[in-house]
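Here the structure is laid out as structure tokens; the discussion comes afterwards.
Each value in this text was obtained by applying a stated rule to the coordinates, not by laboratory testing. Because the structure is predicted, anything quoted here is derived from the model rather than measured. For neighbour counting, all protein chains shown are included, and Cβ atoms are generated from backbone atoms with ideal geometry for every residue, glycine included.
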Amino acid sequence: MSLNESASAIFSESPGKIALRTLARDKRSWISLSILGTIILLALFAPLYAHIIAKTDPFASTLNATITLHGKTISVLEPSTTGLGLGVTPIGPTWNIHKYFLGADGQGRDVMARLLYGSRNTLFIGTSAGLITIILSLLIGLIAGYRRGWVDAVLSRILDVIWAFPVYLLAISLSVVLLTSGLKIGFLHFGPGSMALPITIIGVVYIPYVARPIRGQVLAMREREFVRAAVGTGAKHSTIVFREILPNVMPAVLVFIPIMIALSMLTESALSFLSIGVQPPSASWGTIINDGLALLYTRPIVALAPGLMIVLTAAALNLYGDAVRDALDPKTRARGD
Amino acid sequence: MSNPILSIRNLSKNYILGGAFTKSSKDVVHAVEKVNLEIMEGETLGIVGESGCGKSTLGRMIVRLEEPTGGEIIFEDLDLAKESHRALRTHRKRFQMIFQDPYASLNPRRQIGKIVEEPLRVHGVAKQERKRVAQDLLRRVGLDANAYEKYPHEFSGGQRQRVVIARALALNPRLVVADEPVSALDVSIQAQVLNLFKDLQKEFNLTYVFIAHDLGVVRHVSDRIAVMYLGKIVELADANDLYEHPMHPYTKALLSANPRMDDSDTRERIILKGDIPNPINRPSGCVFNPRCPKAQEICKTESPQLINIGKRQVSCHFPE
């Protein structure tokens with residue numbers, strides 16, 4: 001009901017079209033989409049940058065490499081001159097896109113190239129895990145909310161068990177265990193170090209947070225009179241669920257998508273930072289921050305650059321989520337939150 | 001108006017309160033208790049009563065949107081109370097329900113035309129035929145032809161209720177249970193919708209069970225009226241007889257609360273003591289006895305049966 005009353009249209013427009021039109025008029029959606037679009041484009045062009053522009057291999061250590069800058073030849077890794085003189089100081093940002101634009105990391109690898117490749121992994125894992133969470137939660141929410149009774153009781157208790165653990169603790173424990181052993185679910189076999197592992201783990205740990213509210217919505221919808229009317233016409237369960245209930249639950253689901261992708265991305269970065277997500281030599285924003293940890297005093301850019309990317313992406317996704325929510329329910333904006 | 005199309009025998013609905021482990025036979029709400037009713041073909045039976053008297057529960061049980069806990073609902077050749085939901089599906093086209101809230105009874109995400117067509121789709125009517133029937137019905141309930149492509153949010157309450165009526169008639173039912181179909185509408189719209197009900201009854205040869213709490217509304221449409229109190233029918237009579245000469249003290253009180261617009265109103269106002277008793281703790285004897293102005297000793301101990309007096313039925317030890 002909520003979204004229909006406030007939007008008055010001269011021409012017949014479905015509630016979905018009205019929401020789309022509101023979204024298209026919302027500045028926040030354009031700002032966030034252009035930020036996200038840029039980041040995705042950069043990630044897609046990672047090989048182009050690495051192989052053609054910078055001509056570097058982002059996954060191989062180059063401890064003895066040298067570059068020529070302003071006519072001088074400098075080695076990429078200089079022995080440290082401070083403290084005990086142990087370790088190395090990699091080259092800082094040159095701001096030249098052909099040579100170590102953002103400098104090098106502790107193993108002499110191009111940070112910019114790694115950042116772009118890392119974006120691919122982080123975005124891919126975050127999006128896949130977020131979508132897995134949404135799809136499974138929708139399924140569980142629909143079944144539990146529609147069937148009610150013991151089916152609901154069993155599903156809800158299982159969700160409670162997952163919910164009982166703090167998300168990060170559960171994700172970390174699962175990752176530590178599965179990282180070495182791999183995971184076998186039926187015909188699916190994810191070897192140790194596979195990207196499917198963090199995707200599955202992150203996808204699962206967030207299910208209760210999405211499935212619960214969806215279940216609640218389904219329960220509420222089930223009591224609405226148009227659902228009773230459908231029962232009264234002799235409609236089958238599948239007809240009632242997919243034609244009457246699902247379309248009315250979709251707005252809530254749509255709002256969850258950008259938020260869950262952002263959360264999954266953050267979790268992926270956290271796991272990778274702890275070395276239990278994406279495995280070397282592959283990169284993700286989390287692993288690059290980890291690489292930069294040792295260089296925090298000499299070359300802070302190594303940790304800052306991926307940190308900034310995470311913040312930017314998460315903020316853009318949340319902004320977009322807000323815009324979607326307001327487009328689907330104009331009353332929230334009027335309330336000002 | 002001769003054969004009963006629907007016979008209700010000893011129909012009951014009890015709700016047992018409490019959770020899975022705390023249910024006890026003590027906390028039982030008797031929403032509807034052993035109701036007997038016959039509804040004749042082509043008539044309109046009005047059911048009135050205060051909120052909580054079980055009239056909506058009764059209506060929903062008739063179309064099996066609520067499970068009865070006892071009794072029979074004989075509709076034509078079927079006992080609706082016994083059939084499984086799966087078996088009932090194909091029969092549902094013969095009896096339809098119209099709901100109270102026209103804002104909640106239309107799926108906000110579907111076009112009006114699709115909403116009216118949906119029952120036909122469920123029963124396997126071909127697409128072209130569905131569209132033809134839906135457009136025809138929308139016209140007959142007084143909506144524009146272009147309503148077909150619109151969405152519920154573009155309509156007012158009265159127009160929405162017309163859509164709900166069109167949907168209920170799509171399957172060409174014999175019996176329509178209308179649960180307070182006009183109480184959510186503006187008074188000015190109520191009369192229009194009530195007249196639509198009457199017109200459609202003639203046109204489609206419908207039998208109505210018309211549930212309401214507004215006595216004026218019920219009188220306008222009903223041939224016979226059943227008055228319910230605390231899950232029981234206390235009086236059942238022809239509409240005019242009931243209004244001119246109520247026999248049960250509760251009916252009298254109910255009618256005296258209905259304002260009249262002329263000076264000839266010399267009736268005494270009967271103001272009932274107290275509230276409707278808690279349906280968990282029903283009074284012993286006649287359920288109306290704690291509030292009845294004429295209650296005697298026998299009313300506190302013995303429950304009166306619904307007895308025939310002339311053409312009507314009254315459940316009172318001292319009918320007038």
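Assorted remarks:
- For the range B:297-312, the Karplus equation 6.51 cos²θ - 1.76 cosθ + 1.60, evaluated at θ = phi - 60°, returns couplings of 4, 4, 5, 7, 10, 10, 7, x, 7, 7, 10, 7, 10, x, 8, 10 Hz by residue, with Gly and Pro reported as x.
- In percent, rounded to a whole number, the relative contact order of chain A is 23, using alpha-carbon pairs under 8 Å and six or more apart.
- Entries of A:236/B:114; B:93/B:311; B:55/B:93; A:236/B:202; B:13/B:273 with Cα pairs more than 21 Å apart: B:93/B:311; B:55/B:93; A:236/B:202; B:13/B:273
- Remark: spin-label model distance residue A:315-residue B:9 equals 7.6 nm, labels positioned 7 Å along the Cα→Cβ axis.
- Inter-probe distance in nm under a simple model that places probes 7 Å from Cα toward Cβ, at residue B:245 and residue B:17: 4.2 nm
- Rg/Rh (Cα only; Kirkwood hydrodynamic radius) as it applies to chain A: 1.08
- The chymotrypsin sites (Phe, Trp or Tyr not before Pro) of the range A:140-195 that DSSP puts in a loop, and whose beta carbon has at most 13 other beta carbons within 10 Å, are A:187.
- For the range A:216-246, the list of GluC sites (Glu not before Pro) that fall in a loop by DSSP and count at most 13 other C-beta atoms within 10 angstrom reads A:223.
- Helix-only [θ]222 nm of chain A, DSSP H runs n ≥ 4, -39500 (n - 2.57) each, per residue, nearest 500: -20500 deg cm²/dmol
- Percent of C-alpha pairs per 20 Å bin, the protein assembly as shown, short to long: 15, 35, 26, 15, 7, 1
- Chain A: angle of helix A:27-44 to the longest principal axis, Cα-based, in degrees nearest 10: 50 degrees
- Gain on full stretching of the segment that runs from residue B:188 to residue B:146 - 0.36 nm per residue minus C-alpha separation: 12.7 nm
- Computed over the range B:200-265, the range of Cα coordinates on each principal axis works out to 37, 32, 18 Å, biggest value leading.
- Angle in degrees between helix A:111-147 and the longest Cα principal axis of chain A, rounded to the nearest 10: 20 degrees
- The C-alpha atoms of chain A define a longest principal axis, and helix A:246-273 lies at about 20 degrees to it.
- Relative contact order (%) - chain B, alpha-carbon pairs under 8 angstrom, separation at least six: 19 percent
- If the segment from residue A:250 to residue A:151 were pulled out straight at 0.36 nm per residue, it would be longer than the present Cα-Cα gap by 33.4 nm.
- Of the GluC sites (Glu not before Pro) in the range B:207-297, those whose Cβ has at most 12 other Cβ within 10 Å and which sit in DSSP loop: B:268
- With K and R counted +1 and D and E -1, the other residues having a Cβ less than 15 Å from that of residue A:162 yield a net charge of +2.
- Between residue A:80 and residue A:17, residue separation times 0.36 nm minus the direct Cα-Cα distance comes to 16.6 nm.
- Computed over chain B, the P(r) tail beyond 35 angstrom holds 25 percent of alpha carbon pairs.
- Sorted largest first, extent of the range A:12-96 alpha carbons per principal axis (Å): 73, 33, 25
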